[in-house]
Amino acid sequence: TILNIVESLTANGGTWGTGGIEKAYELAEANFDPNAVNRIMLVTDGDFNIGLMDADSLEKYITSKRETGIFLSVLGFGMGNYHDTTMKALANHGNGVAAYIDGLEEAHKVMVTEASSTIFPIAKDVKIQIEFNPKMVAEYR
């Protein structure tokens, strides 16, 4: 079962992040269902240290793949070497969400309690513009 496979995983060696992302898109495109949510869930510490590709190239690649209707979300794990900025940028370019999981409680929150907002999009490419009334707001950051 999937649970047995996940429980058998161990950490060692390096991370070929770009290769994993490319393979994930390849599989997602081959199994694309226009009537379903097509999402890649990247689970990583973000320390892509094998098969290096500069961040701009990777972000452009993910942006181009976003046009296929496949979303990329990132679940970050790790301590000390976790690359939060990279993971948020990848999820943003992939029309997905990024979440950092630092324990069982956070994992339950992200993958169970908030699963519908983590997995199912309610809107795509939404932009919000806020204009403050200067009579009510003296300053803001």
Can you pull the accessible area of residue 116 for me, 1.4 Å probe, Å² to the nearest 10? 80 Å²
Label model pair residue 102, residue 128: point-to-point distance (7 angstrom along the Cα→beta-carbon line) in nm is 2.5 nm
Solvent exposure, largest accessible area first (probe 1.4 Å, DNA, RNA and ligands not counted), of 109, 88: 88, 109
Cα-based Rg and Dmax for the chain, where Dmax is the largest Cα-Cα distance (Å): 17.4, 61
What full-extension length gain, to one decimal in nm, is calculated for residue 7 and residue 43 as 0.36 nm per residue of separation minus the Cα-Cα distance? 11.5 nm
Which of the lysines could a cross-linker bridge to residue 88, judged by Cα under 24 Å and excluding same-chain residues fewer than eight apart? 23, 60, 65, 109, 124, 127
In the full protein assembly as shown, how much of residue 37 is accessible to a 1.4 Å probe, in Å² to the nearest 10? 60 Å²
To the nearest 10 Å², what's residue 66's accessible area with a 1.4 Å probe? 60 Å²
Cβ charges +1 (Lys, Arg) and -1 (Asp, Glu), total dipole of the chain, debye: 400 debye
Out of region 2-79, which GluC sites (Glu not before Pro) are coil in DSSP terms and have no more than 11 other C-beta atoms within 10 Å? 67
Sum of -39500 (n - 2.57) over DSSP H runs of 4+, divided by residues of the chain (222 nm, nearest 500): -10500 deg cm²/dmol
In the chain, what percent of the accessible surface is made up of carbon and sulfur (1.4 Å probe, ligands and nucleic acids excluded)? 56 percent
Per residue accessible area in Å² of the chain, where ligands, DNA and RNA are left out and the probe is 1.4 Å: 72 Å²
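The values are calculated or read from the model by the stated rules, or taken from the named source; none is laboratory data. On a predicted model such as this, the values are computed, not experimentally measured, just so you know. Here Cβ is always computed from backbone atoms with ideal geometry, including for glycine, and neighbour counts include all displayed protein chains. Each accessible area value is taken on the protein alone, full model and side chains, heavy atoms only, with ligands, DNA and RNA left out. Shrake-Rupley method; radii C 1.70, N 1.55, O 1.52, S 1.80 Å.
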